[in-house]
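Heads up, the thing below is written out as structure tokens.
Bear in mind that the values in this text are calculations on the coordinates, not laboratory data. Since this is a predicted model, take the numbers as computed values, not measurements.
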Amino acid sequence: MSPPVLIMAGGTGGHVFPALAVAGVLRARRRGIVWLGTRRGIEARLVPAAGYPLECIDVEGLRGRGLGGWLLAPFTLARALLQARAVLR
């Protein structure tokens with residue numbers, strides 16, 4: 001059996017809706033799907049409703065975060081990378 005396909009799309013419908021369409025094609029071809037996203041984006045509602053498992057990581061954009069957000073960004077990114085790595089295992 002083939003390993004599941006990991007889809008990473010989140011935040012806005014402009015990313016999630018096309019990825020859901022791709023997931024639908026993969027599902028029709030009997031491929032497993034695992035979705036990587038966040039608890040805050042639109043994917044938190046739409047992906048489970050479409051019947052796909054959602055694995056969440058803690059990450060957010062830098063826009064509008066100010067200097068503090070930029071200073072914390074390397075640590076936030078490192079945490080998100082570790083969380084994503086755990087999903088891949």
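For the reader, a short list of remarks on this structure follows.
- Residue with peak Gaussian network fluctuation, the chain [Cα springs, cutoff 10 Å], from VAL16, VAL25, VAL47: VAL25
- Diffusion coefficient, µm² s⁻¹, Stokes-Einstein with Kirkwood Rh over alpha-carbon pairs of the chain at 4 °C and 1.567 mPa s: 93
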